[in-house]
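Notes to accompany the following structure.
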Amino acid sequence: MITAGVDVGLMNTKIVILRDKEVAAQRTKQSGGGGRGETVKEIWQDALKDAGIKPKDISKVVATGTGKKDVSFADKTVVEAVAAARAARFLYPESTSVVDAGADMTHVVTLGEGNTIREVVMNQKCMNGLGLVIEVMADRLGLTLDEISALAPAQGKTNPVNDGCPVFAELDALGLLNIGVDRREVAGAVTDAVVVRLSSILNDKIRPQKDTTVFIGGLAKNLAVTERLKERSGIHFLIPENAEYGGALGAAVIATDM
Amino acid sequence: MNKQRWETRPLEIWGKAKELRAQWQRSINEAAERPGAMLAHGNTGEFDWSIGFDDLTVIEDNPVGAMMASKSDAFSRKCRLASEVRGWGREICGYVQNCWGSQFLGYEMDDGAFPFRDMSIPFPDPCDQHLKRGQQCMDLSPIPRWGADYPMYLGPLDPKREQAFIDHTVYCYLQIIDDIERIFDHKFDDEKMIGSLNILPALREQALRISRLMTHTPAPIGQKELYSFYTLGLLTKVDPKETLDFWTSFADEVQWRVDNHIAAVATERFRWMEAHPSPWNFLKYFRYMEKYGAVCIGSQYSHIISGPIELGEDGQFHHIQRKKPPEGQEIRTREDAFRHIFTEARGYRFKDDEYCRKWTITDFAKGFHVDGAIMPLWRGGVGCTLTRKEQGLRLSEMGVHVLHYEGSQPGDRTDLDERRFLDQLDTWMESLGLEKLEA
Ligand code: SF4
């Protein structure tokens, strides 16, 4: 059986194609603003080519993510939390929670029996879009995402920035640059602000378990974020190799049930 | 998946409700014409000033501000701006911002002249602004303002302190009456006030009948209906007897609906509660939730007409046995009457529950058999959010699925992201395995 999951995020669209529950292809591309539907179609063609199949070979397609309604060929849409939950249990059957943090939203999902969900906490409005905050700041500071990911743990500890509002955080960061603080130090401070927000979502209601919590989404690939979050929360996250494809993978797994 | 469908139909009492509402509006318009007749913020406590003072009409900022938010976004924006340019910040309660703004502009939503207040008697609430709300109309023109005090102490109950609180409150009210009589030459009708003492308990009885009936599945009415009628029992009553008759007929009709399995939501399969109050500019989320077969059975706030209630061992709601004035104590004077009211009222406001009776929120959830709870987090006017997170935790611990969303204050739409709110509802429902039953 061949199924596909399409995760249309704020920054990137991800596609995973599963053949008999094994990943046959995965593709990502920038979502692109207004023409998101078109981007989805383009990347869909690329993914089919990678897997060496035709659209008719695919039994079901499930879409998720902020732009899930833009996937015109999807048989079904599911909310991000549901896709994240399925991905977590698919990758780590023993998992008890999953954190899905991308450019736009952050979800912390507490898993129940089987494929059920006990609780979902979403980030509140302030400091929404944690991934976006990092991307924008990287751009502003002239650093690549890889350079931010490689920041040393101590960087950014002496000059913190506002951790409640991205606009204030950015202004604080510019202020630090103005007084000559090294841009890597500034990037570290912004990363810390993002981590403070993430841990407040983790602490909202049911606290995730220390060793059985999965971390997926674009931010899970940023080592500076995951290491600092681990230190702050004490959680040893289970991070899959292709963490950014978590949502698309979950959607593809859901498609196998249909 | 539950495929059960019940019959549903609108309430018959709607016509009467509209009539009462129009009558209240007329009383406001008439009072605006009479000098010294308009009293701001004077009836959400245990006592309505217009019951003792025939010449007075009470206008409360909360329902007026809520109505503005609900009916005209453009007008309430204008009002908030008018208020902000005079230095009042976004943290101020949205209801108050709407009313103050309208006062600054000098006109109302329908372009009619703003009914300027002649005096103001706000009462305190767990919000730092409830008592402050009288300030603006006093600053604008030199009208008298009093505070109808409600002292509270959160430590262990001390009978002596309680007695001092009651004495203080009673003397506050007596002082206000003397002042109004002296300044405005209005006459306080002791007989009418004493005579009305049995109306409120009778009204509570009828409202309690409705609360109890709403524990049934399918719920005979939902939050939408409660919100449509609850001000008729609390904030906008004109004639207490008429109000009581209305609530009696309302309760009879709800009983009939239960007997005949008439549902608020035909596809009910998920019951949720709220914490007070909702974003008045965006009530459409109730209908949105109905697409999932979800019915809102109300909140402690919208069941307020029942008075302080608690869940008995029989699984049914009862009135909390309030402290009674000593046996045989006759009520002959206004002081006796106020002493009676405030002895009964001590410590039983549901807004104080998180301090005084933490279990009532979970009892509420249990009694109404709810599956979920939506608990808003408002940024301004803190009184409408106080302890919401603690209550959310308490509910979550008992297995109720809790959803928080953010906004400015129920009367201010500024920070409420409607699209995001609906996305949150989708996430909430789908994560519980519920899909939309209709597009
Ligand atoms: S925010 Fe709520 S409690 Fe505070 S003044 Fe407004 S209505 Fe009252």
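Identify all aspartates and glutamates with a Cα-Cα distance to B:LYS358 below 14 Å; exclude those on the same chain that are fewer than 8 residues away in sequence. Excluding near neighbours in sequence, the set is B:GLU310, B:GLU390, B:GLU397. Report, please, the projected area of segment B:15-156 averaged over directions, based on the convex hull of its C-alpha atoms, in nm². Answer in nm², one decimal: 10.1. Using heavy atoms of the protein chains and a probe of 1.4 Å, the accessible area assigned to B:ASP178 is about 80 Å². Accessible area per residue was computed with a 1.4 Å probe on protein heavy atoms; A:VAL79 scores about 0 Å². Summarising the amide proton neighbourhood of A:THR106: residues at separation of 5 or more, or on other chains, whose placed amide H is nearer than 5 Å comprise A:ASN123, A:GLY129. Around the amide H of B:GLY298, modelled in the peptide plane, lie the amide H atoms of B:GLN223, B:GLU274, all under 5 Å away and 5 or more residues distant in sequence or on another chain.
Could you tell me what a quarter of the Cα convex hull surface of the protein assembly as shown works out to, in nm² with one decimal place? Orientation-averaged projected area of the Cα hull: 34.1 nm². Computed from Cα atoms, the angle from the helix A:166-178 axis to the main principal axis of chain A rounds to 50 degrees. For peptide A:119-126, the mean count of partner chain Cβ atoms within 10 Å of a residue's Cβ comes to 6.
Nearest 100 Å² is fine: what is the total accessible surface buried where chains A and B meet, probe 1.4 Å? Don't skip to the end; give the middle numbers.
Working: alone 11790 and 19080 Å², together 29230 Å².
Heavy-atom accessible area buried at this interface is about 1600 Å².
Here the gap between B:GLU162 and B:THR217, fully extended at 0.36 nm per residue and compared with their Cα-Cα distance, gives a gain of 15.7 nm. Against the criterion of solvent-accessible heavy-atom surface with a 1.4 angstrom probe, B:GLU313, B:GLU12 sort, most first, into B:GLU313, B:GLU12.
Surface listing: A:MET258, B:MET429 arranged by accessible area from highest to lowest gives A:MET258, B:MET429, probe 1.4 Å. Summarised in one figure, the compactness ratio Rg/Rh of segment A:77-176, Cα atoms and Kirkwood Rh, is 1.07. For segment B:402-417, 3J(HN,Hα) computed residue by residue from phi via the Karplus equation (6.51, -1.76, 1.60; θ = phi - 60°) reads 10, 10, 9, 9, 10, x, 7, 5, x, x, 9, 8, 3, 9, 7, 8 Hz, glycine and proline entered as x.
Our coupling estimate for segment B:297-307, obtained by passing each phi through the Karplus curve with A = 6.51, B = -1.76, C = 1.60 and θ = phi - 60°, is 8, x, 8, 4, 5, 7, 8, 4, 4, 5, x Hz, Gly and Pro reported as x. Between 0 and 90 degrees, the angle of helix A:183-202 with respect to the longest Cα principal axis of chain A falls at about 60 degrees. Once amide H atoms are placed 1.01 Å from N in the peptide plane, what residues at a sequence separation of 5 or more from B:HIS401, or on another chain, have their amide H within under 5 Å of its amide H? Amide H to amide H, under 5 Å and 5 or more residues apart or across chains, B:HIS401 pairs with B:GLY372, B:ALA373. Along segment B:286-291 the Karplus relation, 6.51 cos²θ - 1.76 cosθ + 1.60 evaluated at θ = phi - 60°, assigns HN-Hα couplings of 5, 5, 4, 5, 4, 4 Hz to successive residues, with x for each Gly and Pro. Hey, what angle do you get for helix B:14-33 against the long axis of chain B, alpha-carbon based, 0 to 90 degrees rounded to 10? Once rounded, the angle reads 30 degrees.
In what sequence, largest accessible area first, do B:GLU310, A:GLU119 appear using a 1.4 Å probe?
So the residues, ranked largest to smallest area, are B:GLU310, A:GLU119.
Relative contact order, whole percent, for segment A:94-237 stands at 30, derived from Cα pairs under 8 Å and 6 or more residues apart.
How would segment A:66-125 be classified by its alpha-carbon gyration tensor: rounded, prolate or oblate, with rounded meaning a/c under 1.5 and the a/b versus b/c comparison settling the rest?
Numbers: a/c = 2.17, a/b = 1.31, b/c = 1.66.
Note, shape of segment A:66-125 comes out oblate.
Note on B:LYS366: accessible area is roughly 110 Å² with a 1.4 Å probe, heavy atoms of protein only.
The values are calculated or read from the model by the stated rules, or taken from the named source; none is laboratory data. Since we're looking at a predicted model, the values are computed, not measured. So basically every Cβ, Gly included, is an ideal-geometry build from the backbone, and we count neighbours across all protein chains shown. Quick note on the areas: whole protein, heavy atoms, side chains included, nothing else; ligands and nucleic acids left out. Shrake-Rupley method; radii C 1.70, N 1.55, O 1.52, S 1.80 Å.
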